1. Since GLN171 meets every condition but one in (1) out of contact with any helix residue (DSSP H, G or I) (no Cβ under 7 Å at 6 or more places or on another chain); (2) loosely packed, with under 14 Cβ neighbours inside 10 Å, which condition does it not meet?
2. I need the full set of residues from region 185-210 which are touching a Lys or Arg at 6+ places or on another chain (Cβ under 9 Å), crowded, with 17+ Cβ neighbours inside 10 Å, within 24 Å of THR135 (Cβ to Cβ) and touching a residue at least 40 places away in the same chain (Cβ under 8 Å), in order please.
3. Return the residues of region 172-191 that are in a loop (DSSP other than H, G, I, E, B) and either at pLDDT 95 or above or of a type in the set (Val, Ile, Thr) (or both); say none if nothing qualifies.
Amino acid sequence: MKIINPIYDQAFKYLMENKAAAKKIISVITEEEILNIEVSNIETTIEDPARYLRIMRMDFKARIRTARNKEKTVLIELQKCQEPTDIIRFRRYLGKTYAGIDAYSKSKKKSIETSGPYPILAIYFLGYNIPGINTSGVIVNNRVIDSITKQTLKVNSEFIDLLNHKSYIIQIDRLRQERKTRLEKLLSLFDQSRVTNDKYVLDVDVDSEFFDIAEYLQKVIMDDEFRRKLELQEYVDIKFGKVEKELIEAKDKIQEKDKAIEEKDKAIEEQKKQIEDLLKKLNKQ
């Protein structure tokens, strides 16, 4: 089945602004029963002026049912990044969410009201691989440990919930060939190994549970304006990618030259020291 490639920012935004699709996708990733979800109209792309880096951030507010059959409201922050980035950036953006401040976008559109406070779930959707994590999905969940006995405590504390957050890391390129879990079947819709001649189109095998999402992504394939935007993004990605590569290569050459100069300076200093030692010996004779 051919669908628009959701790894592209425009396609990803189109997908996640669909409330039903966002509800199902986030429910599968977080393994939480989501009763209702509000999709923010705020979509933010942050570009690093020092090097090519783009991070998309989207906010959601959801009502979920816990394992104890209780309902609670949570904030969900989803960040999608195509290139390796400094973790400090992720921390900075998440910190703004803790503060209840939407300082990411200059858009005048109304944002989700984040006062509460509410617990936060953070989702990192990565288009690259983190070394040492050889799986497509990871849940990072803090434990509460008795500092005296070192035993793990089972607690239900709003204080803990509000000051700590669960994180979910999705690595698209870590997908296995055999996909058994719901998460793996969902991520098949992002499988970059199924890209067609048009990189913004995927030809994927769709599990019946996620056919509705695939069908939604299929609708815009024949939308000329939508395709034009994806073609433009692809063109920009290629151009910026070449520029970034050239900058990295130039930087590496400069560093190599600096290293060679440094080693030469050390050799000269060593020779000077040897000459000085030799002169001292001659003066003593």
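1. For GLN171, the failing item is (2).
2. LEU186, LEU187, LEU202, VAL204, VAL206, PHE210
3. Matches in region 172-191: THR181 only.
The values are calculated or read from the model by the stated rules, or taken from the named source; none is laboratory data. Since the structure is predicted, the reported quantities are computational estimates derived from the model, not experimental observations. Don't worry about glycine lacking a Cβ; one is built from the backbone with ideal geometry, like all the others, and counts go over all protein chains shown.
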